Amino acid sequence: MRVIKAADYKDMSRKAANIISAQVIMKPNAVLGLATGSTPIGTYEQLVEWYKKGDLDFSQVTTVNLDEYIGLSHDHEQSYYYFMNKHLYSKVNLDLSRCYVPNGLEMNASKACTEYEQLVKRVGGVDLQLLGLGHNGHIGFNEPGSAFEMTTHAVTLTSSTLDANKRFFESVDEMPKAAYTMGIKTIMQAKKIVLIVSSADKAEILKRIIEGPVIPEVPASILQLHNDVTIVADAAACKYI
Ligand code: F6R
């Protein structure tokens, strides 16, 4: 694991965007695995800025997102598809027919998950997977205790994740209680992984995933076993490392 210490959120975002840009420049038809949440917003903003300056071309890029709430449509404001469209798809020249997010409206979980796994294989696998880190060490919606060998699957969200994400919904009752997520095995098959981490409240978990034992109770600890992981973390998150 390479750890790149960034000064602050903006610096973290620029550094992560630089790595993604390099991937797209080196391989214009790259498959990018993308994440939602507050951490990557600055990274997407930076990519959009460079695209607008003419420095980046996404026309041949394919994107596959990590996860989606079950029951939310693409145009639901809290769906992850909506988030991606708002922060990235609609702002760069990505071809929407190659921007994939698990199908939250498919109620047949085994169909939704099998199709997504097949899709990731069909597009040739993920060249670069961008990840955020949950306070409990989750990646995607792989919550503590998830088996490392899981592929895309349906999960019931834990109370800590419901708590962290309820700010986006009018009330916790409106929040979907389940999601589809790439599994840890799917994530680990990406050729390159970039984990971005920001703020002091992630400092403790960041230390655990880098220095602690590789255990399902800390899902992101598995990244220690991947041969090309770059962690870009801001100074506040790096407090203990
Ligand atoms: C999002 C995702 C989650 C987030 C994580 C951190 O697609 O899969 O694992 O990356 O919950 O979220 P933020 O960045 O909001 O702290």
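The values are calculated or read from the model by the stated rules, or taken from the named source; none is laboratory data. Since this is a predicted model, take the numbers as computed values, not measurements. Note that we place each Cβ from the backbone using ideal geometry, even for glycine, and neighbour counts take in every protein chain shown. We work out accessible area using only protein heavy atoms, side chains counted, and drop any ligands, DNA or RNA first. Shrake-Rupley method; radii C 1.70, N 1.55, O 1.52, S 1.80 Å.
Just checking, how many residues over region 145-171 are within 12 Å of the ligand (Cβ to nearest atom) and in a loop (DSSP other than H, G, I, E, B)?
Of the residues in region 145-171, 3 are within 12 Å of the ligand (Cβ to nearest atom) and in a loop (DSSP other than H, G, I, E, B).
Scan region 28-43 residue by residue and report those that are away from the ligand (no atom under 12 Å from the Cβ) and touching a strand residue (DSSP E or B) at 6+ places or on another chain (Cβ under 9 Å).
Passing the criteria: Asn29, Ala30, Val31, Leu32.
Restricting to region 44-66, what's the tally of residues that are within 16 Å of the ligand (Cβ to nearest atom) and either under 16 Å from Ile193 (Cβ atoms) or among the aromatic types (Phe, Trp, Tyr) (or both)?
The number of residues fulfilling the criteria is 5.
In the set Gly71, Gly134, which member is within 14 Å of the ligand (Cβ to nearest atom) and of a type in the set (Gly, Ala, Ser)? If you could, list the steps in order and put the result at the bottom.
On the way: Gly71 fails: within 14 Å of the ligand (Cβ to nearest atom).
Every option except Gly134 fails the conditions.
Could you tell me whether any residue of region 187-203 is surrounded by 15 or more Cβ atoms within 10 Å (Cβ to Cβ), within 12 Å of the ligand (Cβ to nearest atom) and in a helix (DSSP H, G or I)?
yes
Give region 140-160 a look and list any residue that's surrounded by fewer than 21 Cβ atoms within 10 Å (Cβ to Cβ) and over 22 Å from Glu106 (Cα atoms), or say none.
Correct list: Pro144, Gly145, Ala147, Phe148, Glu149, Ser159, Ser160.
Read through the list (1) under 17 Å from Ala35 (Cα atoms); (2) buried (at least 20 other Cβ atoms within 10 Å of the Cβ), then give the number of the only condition that Gly125 fails.
(2) is the only condition that Gly125 fails.
Tell me, please, whether a residue that is more than 25 Å from Met188 (Cβ to Cβ) and among the charged types (D, E, K, R) can be found in region 90-107.
For region 90-107, residues more than 25 Å from Met188 (Cβ to Cβ) and among the charged types (D, E, K, R): present.
When region 150-164 is examined, which residues are found to be of a type outside the set (Ser, Thr, Tyr) and touching a residue at least 12 places away in the same chain (Cβ under 8 Å)? It would help to see each step written out before you state the result.
Keep residues of region 150-164 that are of a type outside the set (Ser, Thr, Tyr), which gives 150, 153-155, 157, 162-164.
Within region 150-164, Met150, His153, Ala154, Val155, Leu157, Leu162, Ala164 qualify.
Among the residues in region 74-94, are any surrounded by fewer than 16 Cβ atoms within 10 Å (Cβ to Cβ), in contact (Cβ under 8 Å) with a residue 40 or more places away in the chain and among the small types (Gly, Ala, Ser)?
So far as region 74-94 goes, no, none of its residues is surrounded by fewer than 16 Cβ atoms within 10 Å (Cβ to Cβ), in contact (Cβ under 8 Å) with a residue 40 or more places away in the chain and among the small types (Gly, Ala, Ser).
Scan region 176-186 for residues that are assigned to a loop (DSSP other than H, G, I, E, B) and more than 14 Å from the ligand (Cβ to nearest atom) and jot them down.
Filtering region 176-186 down to residues assigned to a loop (DSSP other than H, G, I, E, B) leaves 176-177, 182-183.
Answer for region 176-186, where residues must be assigned to a loop (DSSP other than H, G, I, E, B) and more than 14 Å from the ligand (Cβ to nearest atom): just Lys177.
Hey, Gly54 hits all of (1) within 17 Å of the chain's Cα centre (by Cα); (2) at positive phi but one; which does it fall short on?
(1)
Would you confirm whether or not region 100-121 contains a residue that is at pLDDT 95 or above, within 24 Å of Asn18 (Cβ to Cβ) and open to solvent by less than 30 Å² (accessible area, probe 1.4 Å)?
So in region 100-121, the residues at pLDDT 95 or above come out as 100-121.
Add one more test, that the residue is within 24 Å of Asn18 (Cβ to Cβ), and what stays is none.
No, region 100-121 has no match at all.
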